[in-house]
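What follows is a single structure, written as structure tokens, with notes after it.
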Amino acid sequence: MYMRNIIKRIALSTLFISTCSCVWAQWTGPKKKPAEQVELKYGPITPTNRKDANMEAFRDYGLGQFIHWGVYAIPGNEWEGVSARGGAAASEWIRTWRGPTAPKGWQNIYDNLYKQFEAKDFDAKKWAKQAKEMGAKYLIFTTKHHDGFALWPTKYSDYNITKSPYKKDIVKEVVDAYTAEGIDVYLYFSVLEWNNPDYLYAEPKTTEENEKFNRFLKYTRNQLLELLDNYPQVKGLWFDGTWDASWKSAYDFTYQLEKELRDKHKDLVIGSRFRNDENGARHFDSNGALLGDYEQGWERKFPQDYAWLDGNDWDAVMTIPPNGWGYMKDWTGLYTKTTDDIIDLMMQSVSMNGNLVLNFGPDGNGLMHPGEDIIAKELGDWMKINGEAVYGVRHSDLPVSKLGYYTQKGEDLYLTVINRPVNNNVRITVPKVATEVPVAALLLDGLQSLGVKHADIGLDLDKNTYYDITLPKSFQSDRAFVIKIKMGAPNSKSDRLMDAKM
């Protein structure tokens, strides 16, 4: 019996590692196409690269805001002066705190924190105004995280905002405030619930387990339909906690539920994390097709090459501390991303047709961390000058520049210069066969015109030619800046040179 249990554990571990490796591989290199196509009943529901207004808006956002808020904001990744670092995976996972530093009876303490959720300084209009000034075009807001506490007055659980001292519908306040500022709203929803007695991690096997998990599935369906009924302004749903074997085994249910959600809400946008096919393939089905409307796996990571995306829409959700989504009182000892870091990451995203979604974790009273306030202000100041290179732009096929990132909008090419050349000569590499080349340029900061000169430097076997844009020595900038380049027909041709004989 003992040996059978050991063998079973090894087999389960191997399956887990194999499954996870397959999923992780999708975000560490080019996606491997299956050698053979298989017949599937539970593949994609919507076509790839939808052309409706909601998806076109998604492609134009450039910058978004993520807000993680819930009862986990009260402890702020610590309790009574003791840090949960090393004992919990992340600040919003603090209920799972284990080890010698965990307070005695911690889960029970945590499950009663909602009684202290007063949110006395919460002002959704203030949040929305700050987000607009920062330049965010969409918001992803946590309606319910893995602890199961709902920030709306759900009819299907007593563990919700009405039982807290705050009592009012936070989700409604947020949706209304952001919508009024012209910011589209997506609702985050965790399927996984740690304290729900009907939730299972493993695939249900017995009659009792199936009855329990079917109750959970019905409950989940009810809450999602309730959210769409309550907040019809929302543009999409952002799912989390869908990796357990129990949820993966419910592929028929999740397929039908996705269809129901889409039927209920026209042009609803859903990422690739919601469900899997009948073979357990997540994000992409067993034939390599995207399950959802955009790639949702770029969490604190980026494709190294545009080709990795294979034409799919995507966004990257990003924290300021290394893995701090919920509020963290103490940022000391952690590298926290600077405004310069975020500009770099944002331009990396939009240069490959993605969006950057920057996370904020308000405290238990509803105030942003002071570090987040600083970044929001500095990023907003930069976006007011350079947002033209961020919104509604697309990937440029020009060779990658070591100076920064290209984005393009029609005949206008933008180079966000991250690494300023010491000689103030911004060199643009263009294929010799190109029908459009730089013909004029200006700085978005001050709209100063810049000189453009063809630099045919004559490298052997070189398929490219070059255009130099000269920066004035008087131009000073302590952060990245954008050159707007007008593309047009070349005024001169590259000389045809004899190739070196070797």
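Numbers for the structure displayed
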{"read-out": "Most positive-pole-ward Cα, Phe213, Asn491, Leu415, against dipole of the chain from beta carbon charges", "value": "Phe213"}
{"read-out": "At 0.692 mPa s and 37 °C, Stokes D of region 228-279 from Kirkwood alpha-carbon radius, µm² per second", "value": "278 µm²/s"}
{"read-out": "Net charge over other residues, Cβ less than 11 angstrom from the Cβ of Asn287 (K, R count +1; D, E count -1)", "value": "-3"}
{"read-out": "Equivalent-ellipsoid semi-axes of region 195-274, from the Cα gyration tensor, Å, largest first", "value": "24, 13, 11"}
{"read-out": "Gyration tensor (Cα) of region 352-502, equivalent ellipsoid semi-axes in angstrom", "value": "36, 16, 14"}
{"read-out": "Reciprocal of mean inverse Cα separation for region 278-385 (Kirkwood radius, Å)", "value": "15.6 Å"}
{"read-out": "Mean Cα-pair separation over length for the chain, i.e. relative contact order, pairs under 8 Å, 6 or more apart, %", "value": "16 percent"}
{"read-out": "Ordering of 36-42, 485-491, 294-300 by burial proxy (mean other Cβ atoms within 10 Å per residue, highest first)", "value": "294-300, 485-491, 36-42"}
{"read-out": "Principal-axis tilt of helix 124-134 within the chain, Cα atoms, nearest 10 degrees", "value": "20 degrees"}
{"read-out": "Rg over Rh, two decimals, region 79-154 (C-alpha only, Kirkwood Rh)", "value": "1.05"}
{"read-out": "Alpha carbon Rg of the chain, scaled by the compact-globule rule 2.2 N^0.38 Å", "value": "1.08"}
{"read-out": "Added length on full extension, which subtracts the Cα-Cα distance from 0.36 nm per residue, Arg98 to Lys126", "value": "6.5 nm"}
{"read-out": "Between 0 and 90°, nearest 10: helix 2-25 axis offset from the chain longest Cα axis", "value": "30 degrees"}
{"read-out": "Per-residue HN-Hα couplings for region 117-123 [Karplus 6.51, -1.76, 1.60; θ = phi - 60°; Hz; x = Gly/Pro]", "value": "7, 8, 6, 5, 9, 5, 9"}
{"read-out": "Crossing angle, helix 370-386 versus the chain [Cα axis fit, 0-90 degrees, rounded to tens]", "value": "40 degrees"}
{"read-out": "Burial order of peptide ranges 184-190, 374-380 (average beta-carbon count within 10 Å, highest first)", "value": "184-190, 374-380"}
{"read-out": "Sum of side-chain charges, Ile374 neighbourhood, beta-carbon under 14 Å (Lys, Arg +1; Asp, Glu -1)", "value": "-4"}
{"read-out": "Helical mean residue ellipticity (222 nm; -39500 (n - 2.57) per DSSP H run of 4+; nearest 500) of the chain", "value": "-8500 deg cm²/dmol"}
{"read-out": "Region 404-488: C-alpha pair distances exceeding 16 Å, %", "value": "51 percent"}
{"read-out": "Interchain or long-range residues, amide H under 5 Å from Ala441's placed H", "value": "Leu450, Lys486"}
{"read-out": "Order by protection proxy (mean Cβ within 10 Å, highest first), peptides 341-354, 319-332", "value": "341-354, 319-332"}
{"read-out": "Reach of Lys218 by Cα under 24 Å, taken over lysines that are not fewer than 8 positions away in the same chain", "value": "Lys41, Lys144, Lys155, Lys163, Lys172, Lys205, Lys235, Lys248, Lys259, Lys264, Lys266"}
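Coordinate-derived values only; no laboratory data. Here the structure is a predicted model, which is why all the values come from computation and not from measurement. In this analysis, Cβ positions are derived from the backbone assuming ideal geometry, glycine residues included, and neighbour counts consider all displayed protein chains.
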